[in-house]
1. Below 8 Å, C-alpha to C-alpha, sequence gap of six or more: please give me the relative contact order for region 257-330 in percent.
2. Dividing the convex hull volume of the Cα atoms of region 151-308 by its residue count, what figure in Å³ per residue is obtained?
3. Which percent of the accessible heavy-atom area of the chain goes to carbon and sulfur, probe 1.4 angstrom?
4. Pairs Lys431/Lys577; Lys50/Lys82; Lys335/Lys431: which are spaced more than 19 Å apart, C-alpha to C-alpha?
5. For the full complex of protein chains and a 1.4 angstrom probe, list His342, His214, His434 by accessible area with the highest value first.
6. What does the accessible area per residue of region 85-177 come to in Å², with a 1.4 Å probe and no ligands, DNA or RNA counted?
7. If one computes the Cα centroid of region 65-82 and of region 6-31, what distance in Å separates the two points?
8. Which values of log₁₀ I(q)/I(0), to two decimal places, follow from the Debye formula for the chain at q = 0.10 Å⁻¹ with a uniform point scatterer at every Cα?
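The values are calculated or read from the model by the stated rules, or taken from the named source; none is laboratory data. Source: prediction; values computed, not measured. Glycine gets a Cβ as well: all are built from the backbone with ideal geometry, and neighbour counts include every protein chain shown. The accessibility values were calculated without ligands, DNA or RNA, using every heavy atom of the protein model including side chains. Shrake-Rupley method; radii C 1.70, N 1.55, O 1.52, S 1.80 Å.
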Amino acid sequence: MLERYFAAHPIGEVRYVPQFPVYADRAAWENVALADREALLACAENWHDKPWPVLTAGMYASFIRTGSRRDCENPYFDRRRKLCSAALHVCLTGTEDMLPDVEDGLVLLCEETAWGISAHLGLNAAHPFPDDTNIVLDLFAAQTGMILSFICQLLEGVLHPDLHARVRREVERRVLTHFMENNGEWWMGYVRKDLNNWTPWIISNVLMAANVWHFGGAALVERACMMLDRWLNVVPADGGCDEGAGYWNMAGGAFLDCLMVLESMCAVDLWQDEKVRRMMAYPELAHLGNGWFANFADCDARPYLSGERLQYAGRKTDNAALVRMGMDMWGSPLKELNDTPHLSRVLMRIFAKPAAVEAVEGRPKMEVGQDAPLAAGFACKDCRVASTRPCAEGWPKDVWLPDLQVRIVESLDWCGGEDGPKALHTTVAMKGGHNDESHNHNDVGSFLLAVNGEMQVVDAGNMVYTAKTFSDRRYELWNCRAAYHNVPMIGDSEQQPGRQYAARDVEKLPNGMALDMAAAYPAEAGVQQYRRTFRVAGGRLNVRDEIVCAEAKPVTWVFMLRHEPVIDHERQCCHLKESGFWIDWSENADLSAAAEPIEITDGRMKHSYPGTLWRLTLTAAPTIRHLQEFLFEA
């Protein structure tokens, strides 16, 4: 994409223009919205009262010795949050009250042996400590370079020249020069082709740092774009993100950052490219309503997405629905600090102005696949649907991502109530794919279901990362296993990890999808045929499974539920406490039903699902052929 663009539009002279107002631009800093100013100043005062976090060799080694990433990451990120907060305080107030904190923080980070986190440094039992002779340019080394660079630029003339020069030397040595002279980092695409969010995430920070220090010129831009092209070759044509919607921030969203900087440096304009527009649109497509997302793979069910980035993407690609979504998720700039943290995103957020949807409504619309509406202006004035999702022209949502093999369908029905007709707004997300996707879960054929903006059938989502998460022991984690997704076990066999365990003959239906799941199971399962069909209509979901085994096998269907199921064994159905949602399996076979509570203790998962999830199992007696239907309705 970028190579083709530059073939037609040679780079020429690279322009280095500050992205954000500097300290001396008092009018810009005094014009920051009051709520944002107060929140950031309060945050800075809170950090000012705390000592600088200690980051010891043993904290890095803990990743090898105990499997903990948090022992290193908590003080590592807190140092950067304290530094960013102090620098923002200086700029917002126009005083030097917290300049000593900035100075201490800059020196502290310059003195760190490595800027990468413990999980990314290649540590092992023989070498459990960071090595100052081995530079590793990981996600957070690049992000540290960006943070230090922007602070030096913002505080030009305020910081002591010696400190400014020290920071520049460290950023150039650890980030920029390493980027230009080393081809061994896997995310560059020289040694591996299976790239993921690391590539745009790191390159966005490299470009921002290079822009600050006027480093590298056209050679750096060309090198960065060559790597981005290699990543773009991996991104499916439908623009989907197989890492999950939550990773859009650092995949499609990071590519958005790259395009923004490249537009400033050398007038790159790819905003109307079809693939770019689809990549930017993906979060809106994956949104199930009320902040819930189709959270396949390592994605939180309710992830944090940058509202400012969503809105910016919508404005640049003429996508009114994305602009509206960004406005709805605008949030506080503190979310960007409480994330990894991301100083550039804080600055983007506080110097951006919410845009009116009308600014992009009425523009030409675009489609994904052959006939699925991608983005629609929110123009419906007479909407009876509950406010869990704004009504849009083109509603109900009908999404088909043929490369990612994800289908999302909305349906509306009405039921009677004491206060008159009540809307039942059902959204179903279904997937095919394979079991070697980035941040993979074994979940070919799984699905999610929300009613009126609340999840009923769920994917438990992500957990706090440990040494086990990205190791050969990954599938010891229950949330990654097929046995804890909405797919059955055949005999004692569940789906296995690997590219060969995949959906076949995937078909988009007018109100759902169908797929062959037989290949998702290992040979010992003896699955000869397995056709699963989803149909969504009238606010209900019908799931039909046709399974043929080589020999008589029991089948245990698994459904992960938000609320406790109350099982009616005689009628072969259950309803969910608190929600009134029903699951009926009375057609075709007598199934043995059981419900297992899963207490959510993981700190990350319980942000989406505090309390308890429920695992409903429905087991059919051994036979060669299984034909079973399930009806899900409110």
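1. Rounded, it is 24 percent for region 257-330.
2. 131
3. Result for the chain: 48 percent of the exposed heavy-atom area is carbon or sulfur.
4. Lys431/Lys577; Lys335/Lys431
5. Heavy-atom accessible area, descending, gives His214, His434, His342.
6. Counting only protein heavy atoms, the per-residue value for region 85-177 is 36 Å².
7. Using only Cα atoms, the two centres lie 33 Å from each other.
8. So the normalised log intensities work out to -0.95.
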